[in-house]
Amino acid sequence: MEELIAKRYIKALLVDSDINFVKDVAVLFQSLAQSFNDKKFINVMMNSEVSKADKASLLLDIVKPAASQKVNNFVQLLVENKRIAIIPAIAEELRKNLANMEKTYSGVVLSDTEISANVLEDLSNGLSKKYDSKILLAFEKTDFNGIKVEVNDLGIEIDFSKDRINHQLIEHITKAI
């Protein structure tokens, strides 16, 4: 639900904006979202006894480096409409919008065996060509018996499970007999 609300706010914020503004705002809201990892910060922001003016003042101090009236108005709008809690969702949606604008995505390769940097680069290049984007892949060692490639922002999930391949091979042989 927060994601849908965040998308509406972002749509309004990014009207007639260039990519540089989107980059700056994405970085700004990413740091603002990091503040929500601090319990004291959350307690202040969600406390009904703290006035909206105090909340707005605190948030405006954090976004002050942007020196943008548009961002200041946006933050005040969030405070006024009691939407402070969706700031992390806004940061994530801004990150996704920026990735779509730049056509640069991050993904992960999951496997129980080590994968060399050359193989990761080959996978990245192949996916990049197929999806006409720049896809950067990182390796993560897990207990998955095979190889799985995930690029969540593009909705890509490719996996080759050793167990599944063995099962299909046995099934094929059984049908042939």
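Taking all Cα pairs closer than 8 Å and separated by 6 or more residues, the relative contact order of the stretch 2-100 comes to 52 percent. If you wrap the Cα atoms of the stretch 2-100 in a convex hull and average its projected area over all directions, you get 5.9 nm². The length gained by stretching the chain between residue 167 and residue 67 to full extension, at 0.36 nm per residue less their Cα-Cα distance, is 30.0 nm. Of the two radii for the stretch 103-176, the radius of gyration is 1.08 times the Kirkwood radius, both from the alpha carbons; that is the Rg over Rh value.
Contact order for the chain, expressed relative to its length and based on alpha carbon pairs under 8 Å spaced 6+ residues apart, stands at 20 percent. Between the amide H of residue 104 and those of 134, distances stay under 5 Å, these residues lying 5 or more places away or on another chain, with hydrogens modeled in the peptide plane. Quotient of the Cα radius of gyration of the chain and 2.2 N^0.38 Å, N being its number of residues: 1.40. Note on the chain: with charges restricted to the Cβ of Lys and Arg (+1) and Asp and Glu (-1), its dipole about the Cα centre is near 500 debye.
For the chain, the longest principal axis of the C-alpha atoms and the axis of helix 162-176 are separated by about 40°. Relative to the longest principal axis of the Cα atoms of the chain, the long axis of helix 2-13 makes an angle of roughly 60 degrees. Computed from Cα positions, the angle between helix 87-102 and the longest principal axis of the chain comes to roughly 60 degrees. For residue 129 and residue 23, a Förster radius of 22 Å and the Cβ-Cβ distance give a FRET efficiency of 0.30, rounded to the nearest 0.05.
Between residue 85 and residue 49, the contour length at 0.36 nm per residue exceeds the alpha carbon distance by 11.4 nm.
Here, each number is a calculation from the coordinates, and none is a lab measurement. Model, not experiment: these values are computed from the prediction. Reconstructed Cβ throughout: ideal geometry from the backbone, glycine too, with neighbour counts over all protein chains shown.
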